[in-house]
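The values are calculated or read from the model by the stated rules, or taken from the named source; none is laboratory data. All figures in this text were calculated on a predicted structure; none of them were measured in a lab. We place every Cβ from the backbone using ideal geometry, glycine too, and count neighbours over all the protein chains shown. The protein model used for the area step is the full one, side chains on, heavy atoms only, and it has no ligands, DNA or RNA in it. Shrake-Rupley method; radii C 1.70, N 1.55, O 1.52, S 1.80 Å.
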Amino acid sequence: DKDAVKNADTGSPEYKGTSDLGSETHDPGKLEWDTTYYWRIDEVNNVNTDSPWIGPVWSFTTTNLLIVDDFEDYDSGDNQIWFAWHDGLGFGTPGTEPYSPGNGTGSAVGDENTPSYTEETIVHGGNQSMPLYYDNSVGYSEATLTLTYPRDWTEKGVSTLTIWFRGDSANASETLYVALNGSAVVNHDNPNAAQITTWTEWNIDLQAFADQGVNLTNVN
């Protein structure tokens, strides 16, 4: 038996070829934003006169934004959250990979008590979020992510960085900020943002970073 993969709109299916059972994959390449795609899988067997068996039509719609990090893919295996987000504690053993000596700040990322090492209870729009602990008695606290994608923050005319965050009323009132490319900083307007106890959307005009010299086509 084989599967015939079809990727099409509902009116004019486009045949994409066959795949053996167990390897039914298809790479459509880069998809358009905010577009609905339809696809169908037909089962075929050249020695059976009843072949093919036409499958149902499925669909999905692509989003209209770039995702910097949705925190959904981190786990306790090879993709642990502190491998990506470097904090003040660091991880690993010198001479082995992955390893980070820590960034010298008062931050700590992750939760060793959950299966994914992320926050799995206090979440927004998914199953995981990133817990970030801070102790500014050492000066300041930062967690740093080095980007591979998306680095071009002008793609499709995007103009805003959106972050959802939630604090704790017991937190120290310290300034919440975002830094790009190591130096361009935008502070949250509310000096007590880290004490907000509900999920809060923070929209930052990317021009605020460009005005500080950030090349928005190469955000690292």
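At full extension, residue 203 and residue 160 could sit 14.8 nm farther apart than now, given 0.36 nm per residue minus the alpha carbon distance.
Within the chain, the longest run free of exposed loop sites, counting trypsin sites (Lys or Arg not before Pro) that sit outside DSSP helix and strand states (H, G, I, E, B) and have at most 16 other Cβ atoms within 10 Å, spans 31-150.
Considering only alpha-carbon pairs that sit under 8 angstrom and 6 or more positions apart, the relative contact order computed for the chain is 13 percent. Potential lengthening of the chain between residue 46 and residue 173 amounts to 38.8 nm, from the contour at 0.36 nm per residue minus the alpha-carbon distance. Amide H contacts of residue 90: 102, 103, each under 5 Å away and 5 or more positions distant or on a separate chain (H built 1.01 Å from N in the peptide plane; Pro and chain starts excluded). Taking amide H atoms as placed 1.01 Å from N in the peptide plane, the amide H of residue 118 lies under 5 Å from those of 111, each 5 or more residues away in sequence or on another chain. Comparing mean-square fluctuations of 52, 150, 94 from a GNM of the chain with C-alpha springs under 10 Å, the top value falls on 52.
Dipole size of the chain about its Cα centre, with +1 on Lys/Arg Cβ and -1 on Asp/Glu Cβ: approximately 420 debye, rounded to the nearest 20.
Can you check what the net charge comes to around residue 106, using other residues whose Cβ is under 14 Å from the Cβ of residue 106 (Lys, Arg +1; Asp, Glu -1)? That sum, taken over residues with Cβ under 14 Å, equals -4. Could you tell me whether the stretch 153-220 comes out rounded, prolate or oblate from its Cα gyration tensor? Rule is a ≥ b ≥ c as square roots of the eigenvalues, rounded for a/c under 1.5, then prolate if a/b exceeds b/c, otherwise oblate. It is prolate, given that a/c is not under 1.5 and a/b is the larger ratio.
What the chain shows is 62 Å² of accessible area per residue, with the surface traced by a 1.4 Å probe over protein heavy atoms. Solvent-accessible area assigned to carbon and sulfur over the stretch 72-183 amounts to 47 percent, based on a 1.4 Å probe. Over the C-alpha atoms of the chain, the Rg to Rh ratio, Rh being the Kirkwood estimate, stands at 1.08. In the chain, the sites counted are chymotrypsin sites (Phe, Trp or Tyr not before Pro) in DSSP loop states with at most 16 other Cβ atoms within 10 Å, and the longest stretch holding none of them, exclusive of the sites, is 34-98.
Phi angles of the stretch 22-38 translate, via the Karplus equation with coefficients 6.51, -1.76, 1.60 and θ = phi - 60°, into HN-Hα couplings of x, 9, 7, 10, 8, 9, x, x, 6, 9, 6, 6, 6, 10, 8, 10, 10 Hz per residue; Gly and Pro are given as x.
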